[in-house]
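A quick write-up on the structure given underneath.
The values are calculated or read from the model by the stated rules, or taken from the named source; none is laboratory data. Bear in mind the structure is a predicted one, so any value in this text is a computation, not a measurement. Here the Cβ positions follow ideal geometry from the backbone for every residue, glycine too, while neighbour counts run over all protein chains shown.
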């Protein structure tokens, strides 16, 4: 994991697993859950998908320093933003993350719900239209064809044919964020900047929902 992340970020401070080689490993009869951390005196191994907003939120500045993209990724990610600006200065960029494909079945299985409707994104885009004079919405998605069909506009750019790390870097380069669900969009917003709109999935255990409850400039929207 460190090897792969090291290809993307230049200031990682996470030690290699060999750093823990001297530690004694003990098996536990139950799976360690995130909410047990505050009541546990020793070290623990978290499950692979654990996201811990309550520990991330107070350390956002440090997190952004640790996850600083390598220069070549920054340069590649700035290309679409420069092209979209068409030479215009003082543009406000809003990163929009739309998660679809395999997440549609996951939403049905896990929450018995359907994917968010395009109207959610349009309503939040209207908020920015009403507050900023010159604005560009940069849409990142695993289903760009759907986004081109549903979220098209003169000030909307749908990113295509970029790698996941470049997509994340593009989101981080934006001034604000509109996200639906999933930790990818959440991290794009974390590495970005000011206002973030998060779709209300009606489950407070969803990481993005919990993050929004901890940060004053993150807004939960139904």
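Worth pointing out:
- Looking only at residues in region 116-136 that are buried (at least 16 other Cβ atoms within 10 Å of the Cβ) and in contact with a helix residue (DSSP H, G or I) (Cβ under 7 Å, 6 or more places away or on another chain), the one that is farthest from residue 102 (Cα to Cα) is 135.
- Restricting region 207-222 to residues that are part of a loop (DSSP other than H, G, I, E, B) and in contact with a helix residue (DSSP H, G or I) (Cβ under 9 Å, 6 or more places away or on another chain), the residue that is modelled with the lowest pLDDT: 222
- When residue 163 is tested against (1) more than 17 Å from the chain's Cα centre (by Cα); (2) under 27 Å from residue 88 (Cα atoms); (3) surrounded by fewer than 18 Cβ atoms within 10 Å (Cβ to Cβ), exactly one condition is not met: (1).
- Within region 187-199, tally of residues that are at pLDDT below 90 and surrounded by 14 or more Cβ atoms within 10 Å (Cβ to Cβ): 1
- Unique residue being more than 20 Å from the chain's Cα centre (by Cα), in contact (Cβ under 8 Å) with a residue 12 or more places away in the chain, part of a loop (DSSP other than H, G, I, E, B) and surrounded by fewer than 14 Cβ atoms within 10 Å (Cβ to Cβ) when the list is 41, 90: 90
- The set of residues in region 166-186 that are crowded, with 24+ Cβ neighbours inside 10 Å, over 12 Å from residue 140 (Cα atoms) and under 10 Å from the mean Cα position of the chain (by Cα) comprises 181, 186.
- Residue within region 8-30 that is outside any loop (DSSP other than H, G, I, E, B), surrounded by 11 or more Cβ atoms within 10 Å (Cβ to Cβ), over 19 Å from the mean Cα position of the chain (by Cα) and modelled with pLDDT of 75 or more present: yes
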